Amino acid sequence: MRFQLTEDQRALREGVRGLLAGRFGRERLRAATESAPDLDRELWRELGEAGFFSLRLPEAAGGVGLALPEAVLAFEEAGRVLLPGPLIATHLAAGVVPGAATGETVVTVVDGGGVVEWLAAADVVQGDAGGAVPVRSVDPLTPLHRVAADPDSPSAGGGTDVLLTSLLTAAEQLGSAARVCELAVQHARTREQFGRPIGAFQAVQHLCAGMLVRVEVARAAVYAAAVTATPADIAAARLLADEAAVRGARDCLQVHGGMGFTWESDVHLYLKRAWTRARRPGSVTECEELLAAELLAEAS
């Protein structure tokens, strides 16, 4: 079966991309690395007004009335620009927590491992955050706190919210992976060594080609999981998206060479965010175990 985005879905994607390009360009991205754990409340409310958090909320409840595939497209665009904040938690809280749908309320959640993102900026924390202590985050755009892990927490183990968190995280990882692939190709075309663009060298071409393949394979898996919403498909999509984001950022760093390691380059921010997202519920180990259980069940 050949899946194609509808005209409305393409319009939604372009609309979200245009909104984020105008409100969270590179200058705002770099400024955000210095201001965390403060959150841009004005941008948060603007996202709410645009329907980012209420995409899947029924129109009768004041939402946009769209479905999971449209939410995946929106979160993919958020991943492209490294939009900071507890986006997924606030999106999932729309219709449950007053003000979450409109961006007036920032919601975060204690994940099954006892980690909370953006605790200081949140108005509502889902889960027990008592005794939370700040921990150093590798990602300057994602401040973290650690609390005692609660195995009975709704965000631990299975559950609809955990599956949706994993899928939307995969969408963000997909957006990041696509963006670093573009950054690598742009640099390979313009950076010259020995009198020719470095993209003319086979080693660099192979890096870029590998990045593109991982992006497109992950995109197919994430889009398919958004349609089926089955645990196995979501697990496979998460595995592929995590790999595309982390390996893609590493390869992009390699293409940029020494300058890629400098603070002035944005590449390291994509790698650090990919690492941080990869530890959320639905991580590699959890997804591998779920898929292994599915295969064993089919075999028996």
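The values are calculated or read from the model by the stated rules, or taken from the named source; none is laboratory data. The shown structure was predicted, so the numbers you read here are calculated from the model rather than taken from an experiment. All Cβ positions, glycine included, derive from the backbone under ideal geometry; neighbour counts span all protein chains shown. Calculation scope for accessible area: heavy atoms of the full protein, side chains included, ligands and nucleic acids excluded. Shrake-Rupley method; radii C 1.70, N 1.55, O 1.52, S 1.80 Å.
When you scan the range 60-78, how many residues do you find that are assigned to a helix (DSSP H, G or I) and at pLDDT 95 or above?
The initial filter retains those residues of the range 60-78 that are assigned to a helix (DSSP H, G or I), namely 60-61, 68-78.
If we keep only those that are at pLDDT 95 or above too, we end up with 68-78.
Residues in the range 60-78 being assigned to a helix (DSSP H, G or I) and at pLDDT 95 or above: 11 in total.
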Completion exercise
Of the residues in the range 98-123 that are out of contact with any helix residue (DSSP H, G or I) (no Cβ under 6 Å at 6 or more places or on another chain) and surrounded by fewer than 18 Cβ atoms within 10 Å (Cβ to Cβ), the one that is modelled with the lowest pLDDT is Gly113
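Please go through the range 51-83 and give me each residue that is within 20 Å of Thr142 (Cβ to Cβ) and either among the aromatic types (Phe, Trp, Tyr) or out of contact with any helix residue (DSSP H, G or I) (no Cβ under 8 Å at 6 or more places or on another chain) (or both), ordered by number.
Step one: filter the range 51-83 for residues within 20 Å of Thr142 (Cβ to Cβ), giving 52-53, 74-83.
Hits for the range 51-83 are Phe52, Phe53, Phe75.
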Practice task
Considering each residue of the range 202-220, count those that are without any contact (Cβ under 8 Å) to a residue 40 or more places away in the chain and open to solvent by less than 60 Å² (accessible area, probe 1.4 Å), and give that number.
Solution key: 2
Handout entry: the range 273-296, residues that are under 26 Å from Leu83 (Cα atoms), open to solvent by less than 50 Å² (accessible area, probe 1.4 Å) and either modelled with pLDDT of 90 or more or among the hydrophobic types (A, V, I, L, M, F, W, C) (or both)
Key = Arg273, Ala274, Thr276, Arg277, Ala278, Arg280, Cys287
Handout entry: Inter-residue pairs, beta-carbon under 9 Å, first farther than 13 Å from Glu46 by Cβ and in the range 1-29, second hydroxyl-bearing (Ser, Thr, Tyr) and surrounded by 11 or more Cβ atoms within 10 Å (Cβ to Cβ), 6+ apart
Key = Phe3/Tyr223; Leu5/Tyr223
Practice task
Kindly indicate whether any position in the range 265-278 is free of Cβ contacts under 8 Å to residues at least 40 places away in the same chain, within 20 Å of Leu174 (Cβ to Cβ) and assigned to a loop (DSSP other than H, G, I, E, B).
Solution key: no
Problem - Subset of the range 127-140 [in contact with a Pro (Cβ under 8 Å, 6 or more places away or on another chain) and either on the phi > 0 side of the Ramachandran plot or open to solvent by 30 Å² or more (accessible area, probe 1.4 Å) (or both)] - result: Gly127, Pro134
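Could you say whether any residue in the range 25-34 is among the β-branched types (Val, Ile, Thr), surrounded by 15 or more Cβ atoms within 10 Å (Cβ to Cβ) and either out of contact with any helix residue (DSSP H, G or I) (no Cβ under 9 Å at 6 or more places or on another chain) or at pLDDT below 95 (or both)? First the steps, then the outcome.
As a first pass, look at the range 25-34 and keep what is among the β-branched types (Val, Ile, Thr): 33.
Retained after the next criterion (residues that are surrounded by 15 or more Cβ atoms within 10 Å (Cβ to Cβ)): 33.
Now narrow it down to the ones that are either out of contact with any helix residue (DSSP H, G or I) (no Cβ under 9 Å at 6 or more places or on another chain) or at pLDDT below 95 (or both): 33.
Yes; the residues of the range 25-34 include at least one that is among the β-branched types (Val, Ile, Thr), surrounded by 15 or more Cβ atoms within 10 Å (Cβ to Cβ) and either out of contact with any helix residue (DSSP H, G or I) (no Cβ under 9 Å at 6 or more places or on another chain) or at pLDDT below 95 (or both).
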